[in-house]
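Right, one structure below, let's go through it.
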Amino acid sequence: EVQLVESGGGLVQPGGSLRLSCAASGFRFSGYAMSWYRQAPGKERELVASISNTGGSTNYADPVKGRFTISRDNVKRLVSLQMNSLKPEDTAVYYCKREIGNYWGQGTQVTVSS
């Protein structure tokens, strides 16, 4: 069974930082590209960042470019999202997803507010 479990969400002030983690199991983790998505209330889920299976290539959505960094550790089977210079508009539930197949984590809430 494919399982993706996010953690690290919480409340942070604007300009602050947060690091999200996604623990993966049930599949050959090193063989798949992984992504982070987010969904704010009343809005569609949007792609935030993606990373290739080796970690050698990354892509970011324009709103987070330069502020967020996606990374992975294929030994620990973890995908991380380092979020810096957070803005209120970053507030959303953040989801980890395997690029191939409809496999999602349960999501973790990130709230950026003063």
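Residue by residue, here is whether (1) in contact (Cβ under 8 Å) with a residue 24 or more places away in the chain; (2) under 15 Å from Thr108 (Cβ atoms) holds:
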site: Ser35; (1), (2): yes, yes
site: Gly42; (1), (2): no, no
site: Ser50; (1), (2): yes, no
site: Thr54; (1), (2): yes, no
site: Gly66; (1), (2): no, no
site: Val79; (1), (2): yes, yes
* Structure fact -> Filtering segment 8-28 down to residues that are under 19 Å from Gln109 (Cβ atoms) and open to solvent by 60 Å² or more (accessible area, probe 1.4 Å) yields Leu11, Gln13, Pro14, Ser17, Arg19
* Within segment 29-41, how many residues turn out to be within 17 Å of Val64 (Cβ to Cβ) and either crowded, with 18+ Cβ neighbours inside 10 Å or in contact with a Ser or Thr (Cβ under 8 Å, 6 or more places away or on another chain) (or both)? -> 6
* To do: Among the residues of segment 95-114, count how many are part of a loop (DSSP other than H, G, I, E, B), touching a residue at least 12 places away in the same chain (Cβ under 8 Å) and open to solvent by 40 Å² or more (accessible area, probe 1.4 Å).
  => 6
* Condition test on Lys76, is it of a type in the set (D, E, K, R) and assigned to a loop (DSSP other than H, G, I, E, B)? -> yes
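The values are calculated or read from the model by the stated rules, or taken from the named source; none is laboratory data. Just so we're clear, the structure is a prediction, and the values are computed from it rather than from any experiment. Here Cβ is always computed from backbone atoms with ideal geometry, including for glycine, and neighbour counts include all displayed protein chains. Heavy atoms of the whole protein, side chains included, go into the accessibility calculation; ligands, DNA and RNA do not. Shrake-Rupley method; radii C 1.70, N 1.55, O 1.52, S 1.80 Å.
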